[in-house]
Amino acid sequence: MNYKVVEKFVSVNGEGRLSGQLAIFIRFAGCNLDCSYCDTRWANEENVEYTLMNEQEIYEYIQSTGVKNITLTGGEPLLQVGLIELLNVLSKDEDLLVEIETNGSVSLKEFIDITNAPRFVMDYKLPSSDMEEKMLVDNLKYLTKKDTIKFVAGTTEDLERAKYLIDEYNLINKTNVYISPVFGKIEMAEIVEFMHKYTMNGVTLQVQLHKIIWDPEERGV
């Protein structure tokens, strides 16, 4: 299979349970959503430049870096035709830890039963994203303690919706739950105050670390 790779690089993981650790990022072209706050919209444009790489070429690039944490991102990586073939190649190397960043609108079902299955870092798009109607609530049942669900909040309404979903689907006991601010739209102190008000034990506030270290618009970091 050939995959549309718009960039590949080594950096520190900016979000989630591996935040601050070295990771290889493989970014694929194309997305089925258009979130109001999208920071990789350039990767979703029809005329975006990409390199076609097959699974062996991607694996060889990964091996050349010596880095063990792998993040498949986009765009929306689960839209890549034949992604399971790539995952099967990567899963044979037990030293690698593969995470897939996914937007919550593509079913996880066919990706959870492969050997040495990847970890999912799944968004649930809240109201200010303008994309909540695209969310597959069914995906919540496939998340486990090795996975992460991420709520990106830009308003108080977003925070209230996130709390409802966390409670309604018992997410604290199912998976790892993170809340992130939409960059420049909400103060982190407001999120902390909300978490305190509702005693949201088990929820982690996170920031996009790469946007603090580098310019928020910089690519390849």
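The values are calculated or read from the model by the stated rules, or taken from the named source; none is laboratory data. These figures come from a predicted structure and were not determined experimentally. Ideal geometry is used to build each Cβ from the backbone, glycine not excepted, and the neighbour counts take in all protein chains shown.
For Ala162, are the conditions met, namely being within 26 Å of Ser11 (Cα to Cα), buried (at least 20 other Cβ atoms within 10 Å of the Cβ), modelled with pLDDT of 95 or more and of a type in the set (Gly, Ala, Ser)? When the stated conditions are applied, Ala162 does not pass them. Pairing each residue of segment 75-97 that is more than 27 Å from Asp39 (Cα to Cα) with any residue that is at pLDDT below 95 and surrounded by fewer than 17 Cβ atoms within 10 Å (Cβ to Cβ), provided the two are 6+ apart or on different chains, yields C-beta distances under 7 Å for Glu85/Met1; Asn88/Ile114; Ser91/Ile114; Ser91/Thr115; Ser91/Asn116; Glu94/Asn116. Collect the residues in segment 33-52 that are farther than 20 Å from Met131 by Cβ and over 21 Å from the mean Cα position of the chain (by Cα), keeping them in residue-number order. Across segment 33-52, the qualifying residues are Asn47, Glu49, Thr51, Leu52. Of all residues assigned to segment 119-129, none qualifies as being farther than 21 Å from Thr199 by Cβ, more than 18 Å from the chain's Cα centre (by Cα) and of a type in the set (Val, Ile, Thr). Of the residues Glu94, Glu110, Glu85, the single one that is modelled with pLDDT under 95, over 12 Å from the mean Cα position of the chain (by Cα) and part of a helix (DSSP H, G or I) is Glu110.
If we keep just the residues of segment 121-154 that are part of a helix (DSSP H, G or I) and in contact with a helix residue (DSSP H, G or I) (Cβ under 6 Å, 6 or more places away or on another chain), which is surrounded by the most Cβ atoms within 10 Å (Cβ to Cβ)?
Applying the filter and picking the extreme gives Ser128.
Within the bounds of segment 55-62, is there any residue that is hydrophobic (A, V, I, L, M, F, W, C) and under 14 Å from the mean Cα position of the chain (by Cα)? No, because not a single residue in segment 55-62 is hydrophobic (A, V, I, L, M, F, W, C) and under 14 Å from the mean Cα position of the chain (by Cα). Residues in segment 33-67 that are part of a strand (DSSP E or B), surrounded by 14 or more Cβ atoms within 10 Å (Cβ to Cβ) and either out of contact with any helix residue (DSSP H, G or I) (no Cβ under 8 Å at 6 or more places or on another chain) or modelled with pLDDT under 95 (or both): Asn54 only.
Taking residues in segment 205-216 that are modelled with pLDDT of 65 or more, and partners anywhere that are assigned to a loop (DSSP other than H, G, I, E, B) and polar (S, T, N, Q), the pairs with Cβ atoms closer than 8 Å and at least 6 places apart or on different chains are Gln206/Ser19; Leu209/Asn13; Leu209/Ser19.
Tally time: how many residues in segment 161-174 are without any contact (Cβ under 8 Å) to a residue 24 or more places away in the chain and under 16 Å from Met195 (Cβ atoms)? Residues in segment 161-174 being without any contact (Cβ under 8 Å) to a residue 24 or more places away in the chain and under 16 Å from Met195 (Cβ atoms): 2 in total.
Of all residues being charged (D, E, K, R) and at pLDDT 95 or above in segment 4-32, which is nearest to the chain's Cα centre (by Cα)? Just the residue, please.
Looking at the filtered set, the residue picked out is Arg27.
I'd like to check something: does segment 110-132 contain any residue that is within 24 Å of Pro181 (Cβ to Cβ), out of contact with any His (no Cβ under 6 Å at 6 or more places or on another chain) and aromatic (Phe, Trp, Tyr)? Yes - at least one qualifying residue is present in segment 110-132. When Leu159 is tested against the conditions (1) of a type in the set (A, V, I, L, M); (2) closer than 23 Å to Glu99 by Cα; (3) in contact with a strand residue (DSSP E or B) (Cβ under 8 Å, 6 or more places away or on another chain), the lone failure is (2).
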